[in-house]
Amino acid sequence: ATGVSNPYSATGLISATAYDFYVQADCGGSTSVWTGPFTFTTLCGNVNIFPFVESFDGIAFAPICWLNPSASAWDRQTTGTFPTNTPHSGAAMARYDSYDYLSGTTGILVTPGLDLPSDLYEVRFWMYRDNGYAANADLVNVYYNTAPNTTAATLLGTINRSNTLTPVEATPNQWYEYAFNMPAGSTGTGRYVIFEAVSDFGN
């Protein structure tokens with residue numbers, strides 16, 4: 001018999017994966033009654049295989065085990081408008097639509113927990129820089145933290161949307177790759193990278 005006092009433990013399941021299960025009830029040993037399926041999703045496990053890459057190609061957004069607390073702030077796009085652009089690679093990209101938010105509005109997008117075996121890791125990403133509303137400081141702050149939020153987080157770096165603002169890039173309307181090193185002491189389990197977009201009511 002299994003139940004609360006004698007539970008059955010399933011092993012070998014993959015994290016963040018949906019499974020169906022059926023329950024068999026033994027009715028006095030004569031007839032077994034099956035009920036189900038019941039669906040459950042296993043909990044997210046920390047990432048421990050590197051490099052860890054997210055393309056945002058999957059239809060679900062935020063991707064499985066990522067956090068997008070303000071669900072409409074960041075979204076998935078297959079083409080961009082204002083400025084017109086296409087994903088750097090693959091089928092899609094993540095977008096923060098600054099023009100839809102008042103200046104100063106923020107939204108975060110958080111990686112799954114990362115188990116970092118040393119301090120010698122970095123976060124790399126591509127960002128589209130354009131020259132529309134060139135003086136508007138729409139930007140992305142990149143943070144490291146031991147919790148999936150910006151409270152007491154370490155700022156790794158900031159990239160403005162406008163190519164005329166820091167870091168200045170000579171050619172507008174193209175993708176640029178950026179990299180920031182993880183800070184000293186980042187070795188350990190349950191580390192997070194937080195992308196915080198800040199609107200200045202520009203593109």
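The values are calculated or read from the model by the stated rules, or taken from the named source; none is laboratory data. Small disclaimer: the values here were computed from a predicted structure and weren't measured. Cβ coordinates were reconstructed from backbone atoms using ideal geometry, including for glycine residues, and neighbour counts include every protein chain displayed. The accessibility values were calculated without ligands, DNA or RNA, using every heavy atom of the protein model including side chains. Shrake-Rupley method; radii C 1.70, N 1.55, O 1.52, S 1.80 Å.
The figures follow:
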read-out	value
Per-region count, segment 39-60, residues of a type in the set (Phe, Trp, Tyr) and either open to solvent by less than 50 Å² (accessible area, probe 1.4 Å) or within 28 Å of Phe21 (Cβ to Cβ) (or both)	2
Test: Arg124 is under 19 Å from Pro69 (Cα atoms), assigned to a strand (DSSP E or B) and open to solvent by 20 Å² or more (accessible area, probe 1.4 Å)	no
Single residue of Thr189, Thr171 found to be among the hydroxyl-bearing types (Ser, Thr, Tyr), part of a loop (DSSP other than H, G, I, E, B), open to solvent by 30 Å² or more (accessible area, probe 1.4 Å) and at pLDDT 95 or above	Thr171
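Here is a yes/no grid of residues against (1) of a type outside the set (Lys, Arg); (2) without any contact (Cβ under 8 Å) to a residue 24 or more places away in the chain; (3) in a strand (DSSP E or B):
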| residue | (1), (2), (3) |
| --- | --- |
| Leu102 | yes, no, no |
| Pro112 | yes, no, no |
| Thr150 | yes, no, no |
| Thr166 | yes, yes, no |
| Tyr178 | yes, no, yes |
